[in-house]
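Colleague: Below are the C-alpha cells for one structure; questions will follow.
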Amino acid sequence: LERQLVLQNLMRERQTAMHIAWTREFLKYFGTFFGLAAVVLTTGAIKRKNPAVLLPMLPLSFVLSYQYDMGYGTLLQRIKG
C-alpha cells in the first residue's frame, strides 16, 4: 500500500511537471503572437485614429498573464493551498 502511494505521488508530480513544461512552451508561442498583435493593432489604431482597434489586446493580455503565472509564477502553489 505504501509503495502504491509513493508511485501515485510520483506520477502526480510528473504530470504536474509536464503541465508546467507545456505551459512554458505555449507561453513562448503565445508571447510571440501577442507581441506581433500588439504591434499590428497599435499601428492600425494610429493609422485609423481609432483607439477601439486596440480592444482585442485586453482579453489577450489576460490570457498572457494567466499563462505566465501558471508557468513561472505562483499559481500552482496557490491552487495547492
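The values are calculated or read from the model by the stated rules, or taken from the named source; none is laboratory data. Here the structure is a predicted model, which is why all the values come from computation and not from measurement. Reconstructed Cβ throughout: ideal geometry from the backbone, glycine too, with neighbour counts over all protein chains shown. Side chains included, ligands, DNA and RNA excluded: accessible areas come from the protein's heavy atoms. Shrake-Rupley method; radii C 1.70, N 1.55, O 1.52, S 1.80 Å.
Colleague: Taking region 48-76, which residues are among the charged types (D, E, K, R) and touching a helix residue (DSSP H, G or I) at 6+ places or on another chain (Cβ under 9 Å)?
Modeller: Scanning region 48-76 gives a single hit, Asp69.
Colleague: Here's something else I'd like to know. Collect the residues in region 33-81 that are assigned to a helix (DSSP H, G or I), under 20 Å from Met18 (Cβ atoms) and under 15 Å from the mean Cα position of the chain (by Cα), keeping them in residue-number order.
Modeller: Within region 33-81, Tyr66, Gln67, Tyr68, Asp69, Met70, Gly71, Tyr72, Leu75, Leu76 meet the criteria.
Colleague: Picking from Thr32, Thr74, which residue would you name as being at pLDDT below 95 and open to solvent by 60 Å² or more (accessible area, probe 1.4 Å)?
Modeller: Thr74
Colleague: Quick one: which of Thr43, Thr16, Thr23 is polar (S, T, N, Q), within 18 Å of Ser65 (Cβ to Cβ) and open to solvent by less than 70 Å² (accessible area, probe 1.4 Å)?
Modeller: The unique qualifying residue is Thr23.
Colleague: Could you grab me the full set of residues in region 46-58 that are loosely packed, with under 11 Cβ neighbours inside 10 Å and closer than 20 Å to Asp69 by Cβ?
Modeller: Scanning region 46-58 gives a single hit, Leu58.
Colleague: From the list Gln8, Gln4, which one is polar (S, T, N, Q), in a helix (DSSP H, G or I) and exposed (fewer than 10 other Cβ atoms within 10 Å of the Cβ)?
Modeller: Checking each option against the conditions leaves just Gln4.
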